[in-house]
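Beneath this line is the structure, given in structure tokens, with notes to follow.
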Amino acid sequence: MDVAGKIETLVNSLRDLSPTRVRSSSSDGYVSEIDSERSSWIDLHPSALDTFDKIMNDAKGKEIVMFLDYDGTLSLITEDHDRAYITDEMREVVKEVAVHFKTAIITGRSTDKVQSFVKLNGIHYAGSHGMDIKEVMFQPASDYLPMIDEVVKILKEKTKAIPGATVEHNKFCLSVHFRRVDEKGWAALAEQVKLVLLDYPKLRLTQGRKVLELRPSIKWDKGKALEFLLNSLGIAESNDVLPVYIGDDRTDEDAFKVLRERGQGLGIVVSKTAKETNASYSLQDPYQVKEFLKRLVKWKKHT
């Protein structure tokens, strides 16, 4: 496939990850089809709120360990990625969760950035998709730091001419955000990223919701980070542990897949639309995540 073809494929993939919101209309056959698809999807990935009692019944006698994504899970997705603040109420709920359960936040953000947002102690922070875990000083991609610094500078310069595009330095990886870029500019943005990537074959491209990410080409992702944290906590081999991972994006699928393959643990995807996922349960948005966490704390206090 030529470069133009690769760019078109990438842009189409970005559209798939960023579906247009569908307005509800009883007379619209297309909407009815969407509703039917959503209903079928919910049958496969039931609401973690509606099935809360069943989940907790399965958790009896086991130590729950909480793993949380940040953007789109604890905070709303925002136009300005630097203003994706967690609400005070959500912060209090997460604080309570961490009192009762071992808790980790695994995010594509840099560890420093997510810590500045969450502002809580007693939590394991795994930034850069788990490539930066401060509590245990684990940094499997440390050799890539100079390269990431270099590519951030290059991409900031290359994308200056594309209105709305921003480049975020996440220490061991970088994110090119296009949430504020007109869709007509997506191809130009994707082309710039692809061209830079040609000069840095040790980096790989991944995609998320209105974001392109460049990461070191090492076998490390949120699933590996989850496994590492379970090992560092000394509970990876225990049959009495129930890891629960909540996340909303494609990068969280690596963690869902690990839990499914372990046959031990629960993946909860945060999504209002039907999509392919390795998660077992679903929640619609950060508000429902907060309600689920509140019920979890209440359950723990009464057991």
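For the chain, take the longest principal axis of its alpha carbons; what is the angle in degrees between that and the long axis of helix 253-262, to the nearest 10 within 0 to 90?
That helix lies at roughly 40 degrees to the long axis.
Looking at the range 66-149, I'd like the Rg to Rh ratio, where Rg is from alpha-carbon atoms and Rh is Kirkwood's inverse mean 1/r.
0.98
May I ask for the angle, rounded to the nearest 10°, between helix 222-232 and the longest principal axis of the chain, with both axes built from Cα atoms and the value confined to 0 to 90°?
50 degrees
May I ask for the net charge around LYS257, where only other residues with Cβ less than 15 Å from the Cβ of LYS257 are counted and Lys, Arg are +1 while Asp, Glu are -1?
-2
Tell me what the chain gives for mean residue ellipticity at 222 nm when only DSSP H runs of n ≥ 4 count, each as -39,500 (n - 2.57), the sum divided by the residue total, rounded to 500 deg cm²/dmol.
Using -39500 (n - 2.57) per qualifying helix, the result is -12500 deg cm²/dmol.
Return one quarter of the surface area of the convex hull spanned by the alpha-carbon atoms of the range 224-265, equal to its mean projected area, in nm².
Averaging across all directions leaves 2.7 nm² for the Cα convex hull.
Please give the per residue volume of the convex hull enclosing the alpha carbon atoms of the range 70-204, rounded to a whole number of Å³.
105 Å³
For the chain, report the translational diffusion coefficient in µm²/s to the nearest whole number, using Stokes-Einstein at 37 °C, 0.692 mPa s, and a Kirkwood Rh over Cα pairs.
163 µm²/s
Sequence neighbours fewer than 8 away in the same chain don't count; with that in mind, list the lysines whose C-alpha is under 17 Å from LYS224.
Reachable lysines: LYS134, LYS257.
What is the set of long-range amide H partners of HIS124 at a cut-off below 5 Å, with H atoms built 1.01 Å from backbone N?
THR103, ALA104, ILE105
Treating only the Cβ atoms of Lys and Arg (+1) and Asp and Glu (-1) as charged, compute the dipole magnitude of the chain about its Cα centre; round to the nearest 20 debye.
Taking the Cα centre of the chain as origin, the dipole is about 460 debye.
Please state the relative contact order of the range 77-146 as a whole percent: Cα pairs under 8 Å, 6+ residues apart?
Contact order relative to length: 24 percent.
Using alpha carbons only, how many angstrom separate the centre of the range 85-159 from the centre of the range 250-282?
Distance between centres, Cα-based: 20 Å.
Report, by chain and number, residues whose modeled amide H sits under 5 Å from the one on SER238, excluding near sequence neighbours (fewer than 5 apart, same chain).
The answer is none.
Pairs of alpha-carbon atoms within less than 8 angstrom and 6+ residues apart define the contacts here; what relative contact order does the chain have, in percent?
That works out to 22 percent.
If you wrap a convex hull around the Cα atoms of the range 132-249, how much volume per residue is inside, in Å³?
111 Å³
Of ARG209, ARG38, ARG91, which is the most mobile in a GNM of the chain whose springs link Cα atoms less than 10 angstrom apart?
ARG38
In square angstrom, rounded to the nearest 10, how much accessible surface does TRP220 have for a 1.4 Å probe?
Probe radius 1.4 Å; accessible area of TRP220 about 40 Å².
Quick one: accessible surface of ARG83, probe radius 1.4 Å, all protein chains present, in square angstrom to the nearest 10.
Surface accessible to solvent at ARG83 totals approximately 140 Å².
Projected area of the range 184-303, taken from the Cα convex hull and averaged over every viewing direction, in nm²?
Mean orientational projected area (the range 184-303, Cα hull): 9.9 nm².
Pull up the DSSP beta bridges for the chain and report the antiparallel fraction as a percent, rounded to 5.
Taking every DSSP beta bridge with both residues in the chain, the antiparallel ones total about 45 percent.
Pairs LYS95/LYS119; LYS102/LYS298; LYS210/LYS272; LYS222/LYS301; LYS62/LYS102; LYS102/LYS294: which exceed 18 Å Cα-Cα?
LYS222/LYS301
Sorted by accessible area with a 1.4 angstrom probe, largest first, how do LYS257, LYS119 fall?
The most accessible residue leads, giving LYS119, LYS257.
Sort TYR200, TYR70 by heavy-atom solvent-accessible area, probe 1.4 angstrom, most to least.
Most to least solvent-accessible, the answer reads TYR200, TYR70.
Quick check: at a probe of 1.4 Å, how many percent of the accessible area of the range 72-165 sits on carbon and sulfur atoms?
Solvent-exposed carbon and sulfur of the range 72-165 make up 52 percent of the total.
Can you pull the semi-axes for the range 137-182, root of five times each eigenvalue of the Cα gyration tensor, sorted largest first, whole Å?
24, 11, 5
What whole-number value in Å² describes the accessible area per residue of the chain for a 1.4 Å probe?
50 Å²
In the range 210-303, carbon and sulfur make up what percent of the accessible area (probe 1.4 Å)?
43 percent
The values are calculated or read from the model by the stated rules, or taken from the named source; none is laboratory data. Note that this is a predicted model, so its numbers are computed, not measured. Every residue, glycine among them, receives a Cβ derived from its backbone with ideal geometry; neighbour counts consider all protein chains shown. Note: accessible area is taken over every heavy atom of the protein model, side chains too, but ligands, DNA and RNA are not part of it. Shrake-Rupley method; radii C 1.70, N 1.55, O 1.52, S 1.80 Å.
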